1. Using +1 on the beta carbon of Lys and Arg, -1 on that of Asp and Glu, and nothing else charged, what's the dipole of the protein assembly as shown about the Cα centre, debye to 20?
2. On the first, second and third principal axes, largest extent first, how far apart are the outermost C-alpha atoms of the range A:110-204 in Å?
3. If packing is taken as the average count of other Cβ atoms within 10 Å, what order do B:217-223, B:271-277, A:19-25 fall into, highest mean first?
4. Anything over 27 Å Cα to Cα? Flag those among A:LYS54/A:LYS273; A:LYS193/A:LYS273; B:LYS2/B:LYS54; B:LYS3/B:LYS54; B:LYS43/B:LYS109, in the order listed.
5. Taking every eigenvalue of the Cα gyration tensor of the range A:55-145, multiplying by 5 and rooting it, what semi-axes result, largest first, whole Å?
6. Based on Cα coordinates alone, diagonalise the gyration tensor for the protein assembly as shown, multiply each eigenvalue by 5, take square roots, and list the semi-axes in whole Å, largest first.
7. Along Cα→Cβ at 7 Å, what distances in nm separate the A:ARG220 label point from those on the other copies, shortest first?
8. Given all pairs of different Cα atoms, what value in angstroms does the Kirkwood hydrodynamic radius of chain A take?
There are 2 protein chains.
Amino acid sequence: MKKLPVFDDVIEAAGRIQPYVQRTPVLTSRTLNRMTDAALFLKAENFQRVGAFKARGACNAVFALSEDEARRGVATHSSGNHAQAIAYAARLRCIPAVVVMPEDAPPVKVAAVKDYGAKIVWAGSNPLDREQTVKTVLEQTGVVFIHPSNNFHVIAGQGTAALELLEEVPDLDIVMTPVGGGGLLAGTALSIKALSPRTRVIGTEPETVDDAARSLRDGRIYPPTNAYTVADGLRTFLGDISFPIISEHVSDIVTVREGAIVAAMRLIWERMKIIIEPSAAVPVAALFEHPELFCGRRIGIILSGGNVDLDHLPWQRGGL
Amino acid sequence: MKKLPVFDDVIEAAGRIQPYVQRTPVLTSRTLNRMTDAALFLKAENFQRVGAFKARGACNAVFALSEDEARRGVATHSSGNHAQAIAYAARLRCIPAVVVMPEDAPPVKVAAVKDYGAKIVWAGSNPLDREQTVKTVLEQTGVVFIHPSNNFHVIAGQGTAALELLEEVPDLDIVMTPVGGGGLLAGTALSIKALSPRTRVIGTEPETVDDAARSLRDGRIYPPTNAYTVADGLRTFLGDISFPIISEHVSDIVTVREGAIVAAMRLIWERMKIIIEPSAAVPVAALFEHPELFCGRRIGIILSGGNVDLDHLPWQRGGL
């Protein structure tokens with residue numbers, strides 16, 4: 001079994017990445033509190049470098065490399081934000097980066113990866129296609145692979161968002177994140193369970209790609225469904241590092257309908273005047289889809305990112 | 001000549017409205033600083049109650065009313081944000097409000113006014129039409145009129161945004177606001193000139209509705225052009241309270257092209273992940289339209305509001 005990160009690794013990550021990431025604000029909204037009958041504390045990772053929490057894990061993984069490893073460069077596959085994050089981190093450390101991206105990745109994310117100077121290799125939109133393509137890249141080039149979620153240092157880095165959240169709001173009943181590959185959920189669970197064991201950690205997932213919910217329920221990792229979801233960042237699946245952590249520490253993974261994700265995203269835009277991407281709206285949607293779980297509670301939510309193609313918004317004809 | 005507000009009136013306003021408005025954050029962006037070769041400090045009034053700085057002036061005016069005046073209720077005309085702000089303030093003080101709105105006001109703003117319980121009376125989209133309609137309302141009902149910009153207490157209230165900005169960032173070379181009726185620009189000038197006389201106050205205006213720029217240049221108030229601008233909140237004109245203050249304290253009013261407003265708005269959405277309305281993008285557009293004025297400077301900008309119809313964005317076919 002692979003070595004699993006623990007809370008000390010999150011603490012170490014926080015120190016390592018501090019020069020390279022933002023301490024993002026924790027936002028509140030009287031309107032949202034009133035609408036949900038809950039007290040919400042939203043960790044605004046849409047304001048993070050590269051527009052998503054992924055900067056945390058990527059910086060931790062890239063700066064944890066030895067000099068020898070770093071010299072070889074890094075590679076990854078990603079549907080978008082992790083790609084930008086690896087390109088960003090590699091640029092900060094002045095090392096080469098290769099990113100395998102799906103051909104249907106949002107143009108704004110592709111442009112950002114290019115801007116950071118990373119090399120893009122194209123693959124199909126199925127996560128398994130991307131893994132095969134990155135395998136070929138690794139064999140040909142000898143670079144160091146940094147998986148977008150199932151990576152020791154990536155998970156430890158993602159846990160720093162919840163660490164900051166708890167420092168500001170220590171007495172939470174529930175902390176929620178979206179779950180795709182499970183890196184954010186696993187890292188969050190490490191921080192929450194170490195600092196506030198009574199706080200429940202809940203993952204949230206689109207019902208069309210509910211592999212993580214089924215994995216937690218049945219105690220085994222299911223492959224991705226490859227179905228459509230507006231939350232394109234969540235079309236991935238758990239791994240052998242993220243899954244054991246989630247199994248041990250996460251209370252539940254709840255699913256939400258596509259329409260609820262779009263409505264939650266629009267609600268946050270209209271009422272809070274901040275831009276979040278569909279994946280970040282998934283835990284917000286859960287508040288409305290499963291009110292019985294959340295009524296009267298103090299709830300922390302990691303708003304995972306804000307990278308959206310403004311020419312194709314999901315409430316418009318054509319959608320994302 | 002009407003009595004003009006002075007800086008002491010801004011101080012008094014700050015105390016009066018403190019329970020009812022947000023102290024909004026001052027945002028910075030490394031990306032925007034790099035793009036403009038300037039140090040920008042953005043006062044995020046899009047996060048203000050009702051989504052715009054107008055909550056400040058409206059609350060000041062409504063809570064400055066005597067008990068006798070308040071009992072009669074208030075009325076105003078507005079293309080949107082001041083309407084919401086008066087409805088909000090009147091609700092807080094538990095008094096009736098009548099709002100004269102143009103028939104082409106954005107639906108999201110109309111809905112908000114209704115939600116606050118104000119009565120809407122419709123008028124044409126020309127500012128002069130609205131003034132005539134509100135005159136009729138006043139004659140019929142005896143309510144107290146609160147002009148959206150040319151009002152002693154409204155101007156003093158709007159000045160509190162710049163007061164907060166200077167408290168956080170005292171050493172600014174320039175402070176910019178959009179200018180429509182001139183309430184925000186006049187109030188800002190009162191605060192800036194009292195606390196930091198060396199700081200230049202600059203108004204910014206769409207070139208299609210450049211009446212304020214011409215008014216300042218020629219020393220007389222020009223009527224509105226009634227031309228189209230994407231910054232719909234700025235299709236108004238200076239008054240006999242706002243104009244003398246602006247004449248005395250404002251260094252310049254610069255104009256920007258429509259395309260630059262849309263580009264600046266989109267830039268803020270994409271890079272800063274916050275939602276601002278076209279009027280708020282006007283001073284940002286000025287940075288790119290007149291770089292010679294701003295290069296190397298420390299610049300405060302009041303991001304005036306964030307109320308946008310998400311079904312009709314100005315970079316899409318059909319526009320706002």
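The values are calculated or read from the model by the stated rules, or taken from the named source; none is laboratory data. For clarity, every value in this text was computed on a predicted model and none was experimentally measured. Cβ placement follows ideal geometry from the backbone for every residue including glycine, while neighbour counts extend to all protein chains displayed. Ligands, DNA and RNA are stripped out before the accessible areas are found, and what is left, the full protein with its side chains, is counted by its heavy atoms. Shrake-Rupley method; radii C 1.70, N 1.55, O 1.52, S 1.80 Å.
1. I would put it at about 440 debye.
2. Principal extents (Cα only, largest first): 49, 26, 23 Å.
3. B:271-277, A:19-25, B:217-223
4. Working: A:LYS54/A:LYS273 22 Å; A:LYS193/A:LYS273 32 Å; B:LYS2/B:LYS54 22 Å; B:LYS3/B:LYS54 21 Å; B:LYS43/B:LYS109 22 Å.
Where the Cα-Cα span goes over 27 Å, the pairs concerned are A:LYS193/A:LYS273.
5. Square roots of five times the eigenvalues give 20, 15, 10 Å.
6. So the equivalent ellipsoid measures 47, 26, 21 Å along its semi-axes.
7. Taking the point 7 Å beyond Cα along Cα→Cβ, the inter-copy spacings are 8.7 nm.
8. Working: mean 1/r = 0.0525 Å⁻¹.
In chain A this quantity evaluates to 19.1 Å.
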